[in-house]
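Each remark here refers to the structure printed beneath this line.
The values are calculated or read from the model by the stated rules, or taken from the named source; none is laboratory data. Keep in mind the model is a prediction, meaning the values are calculated, not measured. Cβ: placed from backbone, ideal geometry, glycine included. Neighbour counts: every protein chain shown. Just so you know, the surface numbers come from the protein's heavy atoms only, side chains and all, with ligands and any DNA or RNA stripped out. Shrake-Rupley method; radii C 1.70, N 1.55, O 1.52, S 1.80 Å.
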Amino acid sequence: MTCRFALLLLDDYVDNELAPKEREALKKHLEDCSSCRQEWERTKYLKELLKQKLVNDPGEDYWKEMTNIILARTIETSSRESVTLSFTEKAAMQRGAFIRSLVSAGVSVIILVSAIILGTAQKKSDPTIYAGGNRLFAAASLKPPDKTVTTIITKKEQINQAQGMLLMGAPTFIGRFSTIFEFINSGE
Amino acid sequence: MEKTIPELVESFLNGDEKAFAELVKRYRKKIYSIAYQVLHNHLDADEVVQETFVRVYNKRQELKDVKYFTSFILRVATNYAIDLLRKRKGQKKITSDTAALPGYIQLDLSQRVATPSDNLENKRLMEEILRAFDELPYKQRLTAILHDIEGYSKAEIAKTFNCPEATVRSNLHIARKKLKKILKQRLKQKE
Ligand SMILES: [Zn+2]
């Protein structure tokens with residue numbers, strides 16, 4: 001066997017995929033040829049090295065969360081293409097959607113109302129001037145004021161906050177209520 | 001008794017959502033591992049895993065034979081990983097960025113590798129090999145990752161890349177040759 005041919009067979013030899021006849025011939029060559037033997041050692045060593053896992057496991061919490069996201073994304077897709085569902089299945093799904101919409105519409109109303117109440121309460125305790133805060137995240141300053149940091153909000157800022165909540169909430173409201181109306185209509 | 005992969009795939013193709021969830025559980029770490037080794041960061045690996053399963057779900061009609069599910073999912077995953085890699089390459093130079101490497105190299109290498117026994121030496125060597133991995137063309141790199149690191153067969157890889165097994169063999173040969181060159185230089189320096 002030539003060195004050239006021996007080197008060609010090395011990969012399969014290391015992977016244990018050579019036919020018995022070739023394996024024996026190569027084995028013989030490796031016994032006699034130190035340069036090919038060296039190459040064989042390196043190939044084996046590389047293969048050993050690469051067997052190591054170079055990835056850290058992000059942990060069970062991550063796997064659970066990721067699986068939930070995947071299932072949410074795929075099941076969502078399947079309900080969108082649910083043209084072939086039977087009438088009873090469809091009705092059951094709509095009933096589920098109706099209850100979910102009703103609950104989340106209720107939650108939205110509660111959030112809006114408490115935002116207004118919280119804003120007003122804050123005005124009573126701290127009626128002075130506005131000092132900083134991010135207008136984009138108006139909702140963040142609706143949290144109870146931190147004792148160590150004086151968050152001061154003006155009346156104008158409060159109106160802005162309420163308007164912001166309304167604007168942010170509007171599309172969701174439309175979504176929620178349209179599902180409710182859809183359900184009512186389909187029931188007729 | 002636990003269902004086999006072909007049984008799960010069969011159920012999944014028949015519309016069983018639970019079978020799909022089980023397939024996600026069985027393959028998620030494998031896909032993550034491959035993606036991480038190609039892209040070197042958690043966020044991108046996470047994206048590859050999510051998109052892979054969503055695509056597998058949406059393209060399930062394309063799977064003609066349950067036997068080939070592994071290659072099917074590997075194809076989706078590697079295609080997405082390569083796309084992302086191309087995108088990232090346009091954003092920044094990752095091949096020259098060695099700072100990104102050491103974080104995910106585990107220090108217990110020497111426990112399983114006989115020589116050289118020195119931890120630090122092994123770690124450095126591994127860093128160099130990984131850097132060399134990044135210089136390989138995509139197909140060669142993925143072939144080496146799938147075969148030598150993840151342990152998939154040449155037949156599975158051939159099905160994945162839709163090429164003959166001979167191509168897998170030659171890609172593997174070229175990849176190993178390049179990696180061995182680095183090993184050679186390393187070992188020479190030590191002498
Ligand atoms: Zn020889």
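Structural remarks
- In terms of accessible area, using a 1.4 Å probe and ignoring ligands and nucleic acids, B:86, B:55 rank largest first as B:86, B:55.
- Carbon plus sulfur fraction of accessible area for region B:113-191, probe 1.4 Å, in percent: 50
- Efficiency of FRET between residue A:38 and residue B:1 - r from beta-carbon atoms, R0 45 angstrom, step 0.05: 0.35
- Computed label-point distance, nm, for sites residue A:64 and residue B:189 using a 7 Å Cα→Cβ extension: 4.5
- Applying 0.36 nm per residue to the separation of residue B:155 and residue B:170 and subtracting their alpha-carbon distance, the gain on full extension is 4.1 nm.
- Rounded to the nearest 20, the Cβ-based charge dipole of region B:113-191 about its Cα centre (Lys and Arg +1, Asp and Glu -1) stands at 340 debye.
- Accessible area buried by the pairing of B and A, both sides summed with a 1.4 Å probe, works out to roughly 4200 Å².
- Most positive-pole-ward Cα, B:163, B:149, B:174, against dipole of region B:113-191 from beta carbon charges: B:174
- Two-site FRET efficiency, residue A:48 against residue A:110, from Cβ-Cβ distance with R₀ of 41 Å, rounded to 0.05: 0.10
- Spread of Cα-to-Cα distances over 10 Å intervals beginning at zero, given as percent, for region B:1-92: 17, 48, 25, 9, 1
- With both labels modelled 7 Å from their Cα along Cα-to-Cβ, the residue A:16 to residue A:117 distance reads 7.0 nm.
- Taking all protein chains together, B:1, A:1, B:126 sort by accessible area into B:1, A:1, B:126, largest first [probe 1.4 Å].
- Compared with the direct C-alpha span, the chain from residue B:124 to residue B:60 gains 18.8 nm at full extension, assuming 0.36 nm per residue.
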